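The values are calculated or read from the model by the stated rules, or taken from the named source; none is laboratory data. Because the structure is a prediction, the values reported are computed rather than measured. Glycine gets a Cβ as well: all are built from the backbone with ideal geometry, and neighbour counts include every protein chain shown. We work out accessible area using only protein heavy atoms, side chains counted, and drop any ligands, DNA or RNA first. Shrake-Rupley method; radii C 1.70, N 1.55, O 1.52, S 1.80 Å.
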Amino acid sequence: MAQHNLLGKAGENEAVEFLIKQGLTIRETNWRMNKMEIDIIAQGPGMLLHIVEVKTRTSDEYFDPMRAITSAKKRHMVNSANAYIHYYQLQCEIQFDVIILIGHEGNFRIEYYPDLFVPKLRTYR
């Protein structure tokens with residue numbers, strides 16, 4: 001496995017542990033359907049689903065990892081969440097979170113951005 005894939009996997013494992021310590025239950029990791037994917041799907045109290053994007057970097061010295069959360073990435077997160085909800089026929093609320101991990105396996109700095117954005121509603125005419 002490539003080095004960046006190993007770092008990403010270590011970051012996702014650390015993010016899972018972090019969310020569990022926050023009192024969330026992990027429903028899925030690396031959920032995929034066609035071209036849609038969600039890094040982590042966690043459940044909070046009631047039926048609040050946390051759709052979590054994880055970004056792992058060795059350093060933020062030259063590039064702010066939050067810049068990777070573009071409008072296209074947000075759209076992808078929303079579309080993937082909709083696919084997940086429809087596939088499992090869930091009635092729930094959704095929260096979109098981002099976890100950024102900076103460092104190396106066993107020594108990450110975690111930045112958690114809960115409820116980072118609310119998707120725009122689509123209206124049809």
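Computed values, structure above
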quantity: Candidates Ala15, Ala81, Ala72: whichever shows maximal mean-square fluctuation once the chain is modelled as a Gaussian network with Cα springs under 10 Å; calculated: Ala72
quantity: Over the chain: helical MRE at 222 nm, DSSP H runs n ≥ 4 each giving -39500 (n - 2.57), nearest 500; calculated: -10000 deg cm²/dmol
quantity: Probe 1.4 Å, accessible area per residue of the chain, Å²; calculated: 65 Å²
quantity: Within the accessible area of the chain (1.4 Å probe), percent carbon and sulfur; calculated: 49 percent
quantity: Leu116-Ile26 pseudo-label distance in nm [points 7 Å out on the Cα-to-Cβ vector]; calculated: 1.9 nm
quantity: Longest DSSP-loop-exposure-free segment, chymotrypsin sites (Phe, Trp or Tyr not before Pro), the chain, at most 11 other Cβ within 10 Å; calculated: 1-61
quantity: Nearest 10 degrees, 0 to 90: helix 71-88 Cα axis against the chain principal axis; calculated: 60 degrees
quantity: Descending semi-axes in whole angstrom, ellipsoid equivalent of region 1-50, from the Cα gyration tensor; calculated: 22, 15, 5
quantity: FRET efficiency, Asp64 to Lys9 (Cβ-Cβ, R0 22 Å, nearest 0.05); calculated: 0.45
quantity: Cα long-axis angle, helix 3-21 against the chain (0 to 90 degrees, to the nearest 10); calculated: 60 degrees
quantity: Proximal lysine pairs, the chain, alpha carbons under 18 Å, eight or more residues apart or interchain; calculated: 7
quantity: Relative contact order [Cα under 8 Å, 6+ residues apart], the chain, whole percent; calculated: 23 percent
quantity: Structure-derived Rg/Rh (Cα atoms, Kirkwood Rh): which label, when the choices are (i) 0.97; (ii) 1.10; (iii) 0.93; calculated: (i)
